[in-house]
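Dumping the structure here so I can ask a few things about it.
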Amino acid sequence: MRFAFWKFCRLIFLLPALAAVTAASAQMAPNTTSSELPHFLVYFDEFSANLSDEAKTVIADVAKRVRDSGAKAIVVQARASATGAAETNKYLAQTRSSIVTDQLEADGIARTMIRQDPIGQTGSSDPTVYNRRVDIILQR
């Protein structure tokens, strides 16, 4: 009983800190400084290459920013978590890269502006969302 109590207390103290970190990272999704163009992140469910409504909104924002900023190129870097076989994760990253590229094209961006860079498996065997993503990087 005593162990369960301390486990519960630890959870109570960690939840607000975790919520604060999550809120801060959500607000910093497009990384921008005055000298560089924005960097956007699109997240995926584990073993999935389906775009959520939120992902489609991010990609539409990217397309708008490309037109507004005069970006000359876009790099689409796709990643997968280390859960599963490395070869499968490489294929999953390639699929995610293609899906995001197709959506950018549907949102009015010329395919010739986009360079796909499917990185594949990254991180440890921890299947967190941070390894299941596509980074969209605008270049001048």
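Among the residues of the stretch 89-114, write down those that are loosely packed, with under 15 Cβ neighbours inside 10 Å and among the hydrophobic types (A, V, I, L, M, F, W, C).
ALA106, ALA110
Under 6 Å by Cβ, and 6 or more places apart or on different chains, what pairs join a residue from the stretch 70-98 that is touching a residue at least 40 places away in the same chain (Cβ under 8 Å) and within 15 Å of THR122 (Cβ to Cβ) with one that is of a type in the set (Val, Ile, Thr) and in a loop (DSSP other than H, G, I, E, B)?
Within 6 Å, the pairs are ARG79/THR122.
Here is a further query. Let me confirm something: among ALA86, ALA82, which residue is touching a strand residue (DSSP E or B) at 6+ places or on another chain (Cβ under 6 Å), more than 19 Å from HIS39 (Cα to Cα), at pLDDT below 95 and surrounded by fewer than 16 Cβ atoms within 10 Å (Cβ to Cβ)?
Criteria check complete, one pass: ALA86.
Moving on to the next point. If we keep just the residues of the stretch 57-89 that are over 15 Å from ARG132 (Cβ atoms) and of a type in the set (S, T, N, Q), which is nearest to the chain's Cα centre (by Cα)?
Going through the qualifying residues, I end up with THR57.
The values are calculated or read from the model by the stated rules, or taken from the named source; none is laboratory data. Just so you know, these numbers come straight off a predicted model, no measurement behind them. Quick reminder, even Gly has a Cβ in these numbers, built from the backbone with ideal geometry, and neighbours come from all protein chains shown.
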